[in-house]
């Protein structure tokens, strides 16, 4: 099967001419070497130029083009994928098929204008993905964590606690990249235990138990390039000796199996419970972020070089499952 720009040559020519008329040019080297259709140009909004890339997916025209902003000042805004600059221009209830590059370009201009003026209406916020995807900053090792609603939704009776997760690690053929899949099973804070549902115990098969220290904050953490930024931010929120507390709470560091093979295991675990605005403006829900800290040390001061892993937390609850799959 030929790629769309060959099979639908007339449509490709139309898209190219339309974008050329808007000052956007085809990146011929990307098309030749990577077989991707990307147009690059500049738009002016409020007397300032913004460089944009309009990229067409392999499934075009059944899937719409995507827009990336090269102005990194926008990368910490809402409705944009962090560390990539991808604008979130679509809504679930609209049919986004047969959208042209010009359609996406016009949406991007409106998006930039509304971002600059913070004028998104509540109706436009509904189902708009919030870009709290901190796991993007964990480049080599990825983590996915299922967080049952019953574990972290109830109010805490303190600002700090301990938590337990069960993790299974997967690796690629070269053993250079690892995916850690986990289930948040317990949070203990001020004599209160928050436990996962018993029916989720099946997810604990073939896993190892790990523990860590968790901290509660009032706002979502900022985007961070490394763990030191995150630890410093937590201490600015009033938590003291964050890294030391995480190492002390991470009793799995004393496991001889882990000590003898640290390069593919998890180091001290840092957890953060916070409120985040999701799905709709003004709608706040609890979130739980877990980070496996790099290069932790154990009691005898022997350094162990663990990978840096940021877990992407996915809440699992009857309400969330129904919203994803109403049928």
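Values in this text are rule-based calculations from the coordinates and carry no lab data. Since the model is a prediction, treat every value here as computed from it, not as a measurement. Note that we place each Cβ from the backbone using ideal geometry, even for glycine, and neighbour counts take in every protein chain shown.
Worth pointing out:
- Note on residue 25 and residue 229: the extension gain reaches 69.6 nm, defined as 0.36 nm multiplied by sequence separation minus the Cα-Cα distance.
- Residues 192, 164, sorted so that the one with the fewest Cβ neighbours within 10 Å comes first: 192, 164
- Directionally averaged projected area (convex hull, Cα atoms, region 4-125), nm²: 7.8 nm²
- Taking the number of Cβ atoms within 10 Å of each Cβ as an exposure proxy, the fewest-first ranking of 274, 62 is 62, 274.
- Spin-label proximity, residue 77 to region 40-57 - amide N less than 19 Å from point 7 Å beyond Cα toward beta carbon: 40-55
- Taking other C-beta atoms within 10 angstrom as a stand-in for reagent exposure, 181, 114 fall in the order 114, 181, fewest first.
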